[in-house]
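Notes to accompany the following structure.
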Amino acid sequence: MNLLKAIPIVLIFPLCAQTFTDRELKTTIDEVTIYLQGGLVTRSGKLQIPSGKSLLRVKSLSPHIDAKSIQVKAIGDFTVLSVNHKINYHDELQKDDRIKSLLLKREEIALDIAKSEARLEVLVEKQSLLNENKNLGGQNSGASLAQIKQAIDFYDKELTSIKAEEISTKTKLKRLNEQRNRIDREVTDVQNQKELPTGEIEIRVEANSITTGEFEISYLVGNTGWYPKYDIRVTSIDRPLVLNYKADIYQNTGVDWEEVKLKLSNGDPNLSGVAPELDTWYLNYARNTVVSRSNGVISNAVRNISGKVLDQDGEPLPGATIIVKGTTIGTVTDLEGNYSLTLPNGATHLDVSYIGFSSKEVAITSESLNIRMDPDMTELEEVVVVGYSGANRRALTGSVSGVNRSRPKPAEVITTTTIENQTTVEIEVDDPYSVKSNGEKLSVNLREFEIETLYQYYAIPKLDKDAFLIARIVDWNQYNLLEGEANLYFEDRFVGRSILDARSLEDTLDISLGRDKSIVIGREKVDDYTKRRTLGANKIESRGFKILARNNKSQSVKLTLLDQIPIAAISDISITATELSAGKLNEKTGEVIWELELSPKQQADFQLGYEVKYPKYEKVYLE
């Protein structure tokens with residue numbers, strides 16, 4: 001009886017088994033939106049789907065796909081059953097294209113080398129033949145002087161020609177061998193690069209009859225991003241400032257982007273989208289309060305930082321990304337693993353990442369900082385996407401409102417369109433663009449602005465004896481700028497680097513354009529004002545300083561001069577300003593400001609003095 005019941009099950013089972021026809025869905029990248037960290041890749045493709053159930057494979061994708069971000073939109077008379085993502089360790093992303101290109105170039109150089117070597121052999125034979133026939137038929141030939149002179153001239157001309165061509169050929173041969181050696185080294189470097197597995201997306205569909213399916217697939221991918229950079233040019237302080245907005249793009253996703261629509265977004269999908277909430281703040285006695293320390297971070301004194309990024313064996317890592325934590329300021333290491341960054345105020349740590357290595361957060365402790373990375377031992381595992389976005393029998397439509405999608409005619413200068421979305425701003429490169437997956441930094445010019453600017457000099461002689469030229473941009477928010485490094489050019493000369501602090505909440509954006517040695521600043525302590533005396537239970541100390549500012553330029557300048565007096569932290573200490581020379585004192589901060597307008601060659605002198613009273617059994621530091 002049990003056997004009879006089992007027979008139908010055996011017969012029915014093959015009919016219930018789900019069999020899928022395996023087909024490859026070939027797609028091309030249409031559009032890439034690059035975020036500050038990461039990118040959104042959009043692919044499209046179409047193919048004929050047979051009747052029944054089919055498994056469509058999208059192959060040779062980046063292994064750095066965020067599986068949870070995959071979305072599939074489809075049109076056609078079929079049903080999307082599921083979308084899965086997996087890593088294929090057998091079909092590794094090929095480096096063949098690059099190697100083939102290098103080997104082809106090497107073959108061309110080898111052919112030129114062979115031709116040059118053959119030519120040298122011909123020249124040797126030619127000179128040998130010339131030497132064998134230079135005796136004019138022997139010693140007793142009786143050649144006339146005219147014949148001898150003619151023979152000498154001929155020999156001189158031919159030998160000079162041979163030697164000149166020999167020197168030229170040997171020089172060319174040396175250059176060709178150097179080129180071949182460079183290509184050999186590059187081929188070795190490419191071959192030694194770590195092989196990457198490929199990503200695959202599997203789409204299971206079911207159709208009642210043969211139909212054509214069109215697909216649009218999008219997903220987030222890592223190991224790509226961009227940093228805002230600026231060129232700030234000032235030809236004269238009576239002319240507008242020219243700001244060139246640039247993007248330093250990097251991508252090491254494992255897949256080249258060829259002629260794609262490129263967008264740069266100021267969004268970062270890696271950041272949490274959950275709004276923060278305040279926890280209860282419990283105030284306790286100081287002895288019961290734990291105060292966090294800076295762990296040796298001294299970045300407030302560091303304005304520039306440079307160094308190398310190395311692997312566990314001390315070898316340089318080209319293409320590693322370094323970001324100033326909490327900012328959009330970053331860079332990519334060069335072929336020798338070197339990096340260099342200008343730091344904003346308050347920077348304390350660097351975030352460093354590289355493919356195959358664990359990301360690292362490094363405290364900024366000095367101006368020279370080498371960073372050693374550790375291999376990431378975590379293996380990529382197969383990931384199944386449990387959800388998908390599909391559209392059955394529905395057309396793929398949609399566009400950004402108000403944006404002209406037509407392609408302009410190719411131009412010498414790259415043009416862009418700014419798109420303001422609800423929470424992000426995107427800059428779209430109007431013409432198709434290609435970005436290779438090699439980790440190298442690609443600088444793209446986005447926009448150029450000519451901005452009416454107020455120029456003013458700024459100096460804090462207590463900290464720095466130089467005056468800094470400040471450009472003040474009013475209503476700067478209209479330009480959709482991000483915080484980033486800025487190269488400074490004054491009167492067509494590179495004068496240094498600065499930070500464009502686009503996180504400011506002020507209506508006016510101040511940009512430091514560097515030092516101007518034509519404004520002379522001085523500050524010295526006046527001994528006559530430096531005194532100490534005792535009055536009852538208190539000590540009274542006084543300090544005095546002489547401050548000067550001189551304009552050596554041929555035009556008038558506006559100068560903001562800053563200094564300070566201390567502020568008491570406890571009530572037992574009292575501070576009194578004794579001399580300010582008409583400077584404005586901020587009682588809360590102790591900051592003293594002088595707003596000056598100096599004529600050409602004019603010098604202004606100021607006095608700053610204060611007294612400090614405190615208990616005589618205590619000690620304070622006034623220097």
- Message: Restricting to segment 442-493, count the residues that are part of a loop (DSSP other than H, G, I, E, B) and either within 22 Å of residue 555 (Cα to Cα) or over 28 Å from the mean Cα position of the chain (by Cα) (or both).
- Response: 10
- Task: Within segment 93-116, count every residue that is open to solvent by 90 Å² or more (accessible area, probe 1.4 Å) and modelled with pLDDT of 80 or more.
- Result: 6
- Checked against (1) over 20 Å from residue 456 (Cβ atoms); (2) open to solvent by 70 Å² or more (accessible area, probe 1.4 Å), residue 622 satisfies every condition except (2)
- Item | The lone exception for residue 223 - which of (1) at positive phi; (2) at pLDDT 90 or above it fails | (2)
- Message: Suppose the filter is under 16 Å from the mean Cα position of the chain (by Cα), aromatic (Phe, Trp, Tyr) and more than 22 Å from residue 432 (Cβ to Cβ); does residue 250 pass it?
- Response: no
- Among 224, 188, 212, which is assigned to a strand (DSSP E or B) and more than 30 Å from residue 498 (Cα to Cα)? 212
- Does segment 36-44 contain any residue that is assigned to a loop (DSSP other than H, G, I, E, B) and among the aliphatic types (A, V, I, L, M)? yes
- Only one of (1) surrounded by fewer than 19 Cβ atoms within 10 Å (Cβ to Cβ); (2) more than 18 Å from the chain's Cα centre (by Cα); (3) of a type in the set (S, T, N, Q) is not met by residue 512, so which one is it? (1)
- Task: With respect to residue 292, determine if the residue is at pLDDT below 85 and surrounded by 15 or more Cβ atoms within 10 Å (Cβ to Cβ).
- Result: no
- The condition from (1) within 25 Å of residue 437 (Cα to Cα); (2) in a strand (DSSP E or B) that residue 335 misses is numbered (2)
- Which is at pLDDT below 85, over 30 Å from residue 30 (Cα atoms) and open to solvent by 70 Å² or more (accessible area, probe 1.4 Å), of 156, 184? 156
- Message: Under 8 Å between Cβ atoms, which residue pairs at least 6 apart in sequence (or on different chains) link something in segment 249-274 that is under 21 Å from residue 446 (Cβ atoms) and open to solvent by 10 Å² or more (accessible area, probe 1.4 Å) with a partner that is among the charged types (D, E, K, R) and modelled with pLDDT of 85 or more?
- Response: 261/30; 261/31; 263/31
- Item | Residue, modelled with the highest pLDDT, within segment 343-380, restricted to residues that are in a loop (DSSP other than H, G, I, E, B), in contact with a strand residue (DSSP E or B) (Cβ under 7 Å, 6 or more places away or on another chain) and not aliphatic (A, V, I, L, M) | 370
- Task: Return the total of residues in segment 327-350 being hydroxyl-bearing (Ser, Thr, Tyr) and open to solvent by 50 Å² or more (accessible area, probe 1.4 Å).
- Result: 2
- Message: I'd like the residue in segment 480-505 that is under 16 Å from residue 347 (Cα atoms) and of a type in the set (Ser, Thr, Tyr) and, out of all such residues, is least open to solvent (accessible area, probe 1.4 Å).
- Response: 498
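The values are calculated or read from the model by the stated rules, or taken from the named source; none is laboratory data. Nothing here was measured: the structure is a model prediction, and the numbers come from that model. Every residue, glycine as well, gets a Cβ built from its backbone with ideal geometry; the counts of neighbours run over all protein chains shown. Side chains included, ligands, DNA and RNA excluded: accessible areas come from the protein's heavy atoms. Shrake-Rupley method; radii C 1.70, N 1.55, O 1.52, S 1.80 Å.
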